[in-house]
Amino acid sequence: LALKLTECFDALPRSGRMLHIGVLLGRPTTGLGLSAMMNGGSVAEYLGSLGGRAAAEAARTAIERLPGVLMECQIDFDLDPTIQPRVGFGVRPDEIGNGAWKDLLSELVASGCCDARRADALLSWLDSSSAANGIVLRRSLSHVKIIATPGRRLESKGYLGAVLITQ
């Protein structure tokens, strides 16, 4: 596993960077979860160079379907000790604000990898509320993960955020 992990670092495209490595404690495997940031056009070649042919194909399919969304993205994949076929893409809008999230989620709905009702529910999370004691809860979206698995349709899930602010 250590040799393959080194290969994952060595094969990164020049503009790519490893974000983090996770130990998959909740799974019955001894593998690692890797997250890297790179240009979407480099993902399939990168995964393929590591021997992850199925992951590369899944990534290629996702990028062809969502080229604008996956232009620059975080990719998440499992190493156990080979590259597993499932690939996640963490995305967020380039701009901060509810309008940017609405545009991104609309594109995901149009592509068929996000349910319109669930996209609306994510957008309704974006808000702030005040308590009598001067504390404000600011709700945000962290990112959306698009999951590409060979032979399956693209899936997506949203990650929520919240911050307490005292005034």
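The values are calculated or read from the model by the stated rules, or taken from the named source; none is laboratory data. Only a predicted model underlies this, so the values are computations on that prediction, with no experimental measurement involved. Cβ coordinates were reconstructed from backbone atoms using ideal geometry, including for glycine residues, and neighbour counts include every protein chain displayed. Heads up: the accessible areas ignore ligands, DNA and RNA and are worked out on the full protein's heavy atoms, side chains in. Shrake-Rupley method; radii C 1.70, N 1.55, O 1.52, S 1.80 Å.
Some points to look at:
- Of all accessible heavy-atom area on the chain, the percent that carbon and sulfur account for (1.4 Å): 53
- Solvent-accessible area per residue in the range 50-167 equals 57 Å², computed with a 1.4 angstrom probe and all protein chains kept.
- Entry note: the range 47-117 has Rg to Rh equal to 1.04, where both radii use alpha-carbon atoms and Rh is the Kirkwood radius.
- Value of relative contact order over the chain, rounded to a whole percent, pairs C-alpha under 8 Å and six or more apart: 17
- Averaging 1/r across all pairs of distinct Cα atoms in the range 19-88 and inverting the result yields a Kirkwood radius of 12.2 Å.
- Expressed per residue, the C-alpha convex hull volume of the range 18-60 stands at 85 Å³.
- Each Lys and Arg Cβ is given +1 and each Asp and Glu Cβ -1; about its Cα centre, the chain then shows a dipole of about 320 debye.
- Rg over Rh [alpha-carbon atoms, Kirkwood Rh] for the range 105-151: 1.17
- Residue-by-residue Karplus 3J(HN,Hα) for the range 62-78, coefficients 6.51, -1.76, 1.60, Hz, glycine and proline x: 5, 5, 5, 7, 10, x, x, 6, 9, 5, 9, 8, 8, 10, 10, 8, 9
- Largest mean-square fluctuation among LEU12, LEU47, LEU137, in a Gaussian network model of the chain whose springs join Cα atoms under 10 Å apart, belongs to LEU137.
- Loop trypsin sites (Lys or Arg not before Pro), the range 1-60 (other Cβ atoms within 10 Å of the site Cβ: 12 or fewer; DSSP): ARG14
- Residue-normalised convex hull volume from the C-alpha trace of the chain: 141 Å³ per residue.
- Computed from Cα positions, the angle between helix 116-125 and the longest principal axis of the chain comes to roughly 60 degrees.
- Using just its DSSP H runs of length 4 or more, each adding -39500 (n - 2.57), the chain gives a mean residue ellipticity at 222 nm of -10000 deg cm²/dmol after division by all residues.
- Alpha-carbon centroids, the range 97-151 and the range 27-90: separation in whole Å: 23
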